[in-house]
1. Scan region 35-78 for residues that are within 15 Å of G14 (Cβ to Cβ) and among the basic types (K, R) and jot them down.
2. So, restricting to helices (runs of 4 or more DSSP H) that lie completely within the chain, which ones have at least 2 residues that are surrounded by fewer than 10 Cβ atoms within 10 Å (Cβ to Cβ) and either of a type in the set (A, V, I, L, M, F, W, C) or without any contact (Cβ under 8 Å) to a residue 40 or more places away in the chain (or both)?
Amino acid sequence: MVTKKTWEEFRSCGLLLIINQFLHLFGWAIVFNMEDGKITEVYPARVKFRGFDHDSVSEAYKSATNYISENISELKEEANS
């Protein structure tokens, strides 16, 4: 019932930005620290900024759409079981 995934997979399919859009409403965000292209730390934080630039949002939505497209059969099966 649970399949462990990496933070990189979560980030690369656009979910980090999409989830952070919602969290920004409350002044929160999930923060990823990176070093040499690798994730070194992940933590929740209080933040003052709200929202993201248009290009970042568009890229995240494209990534999320691609994820859905590539995994739709599995997602439908899980939803219906």
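Readers should treat all values here as calculations from the given coordinates under stated rules, not as data from a laboratory. Everything numeric in this text was worked out from a predicted model, so none of it was measured. FYI the Cβ positions are ideal-geometry reconstructions off the backbone, even for glycines, and counts take in every protein chain you see.
1. Matches in region 35-78: K62 only.
2. Details: elements: 7-12, 15-24, 54-80.
So the answer is 54-80.
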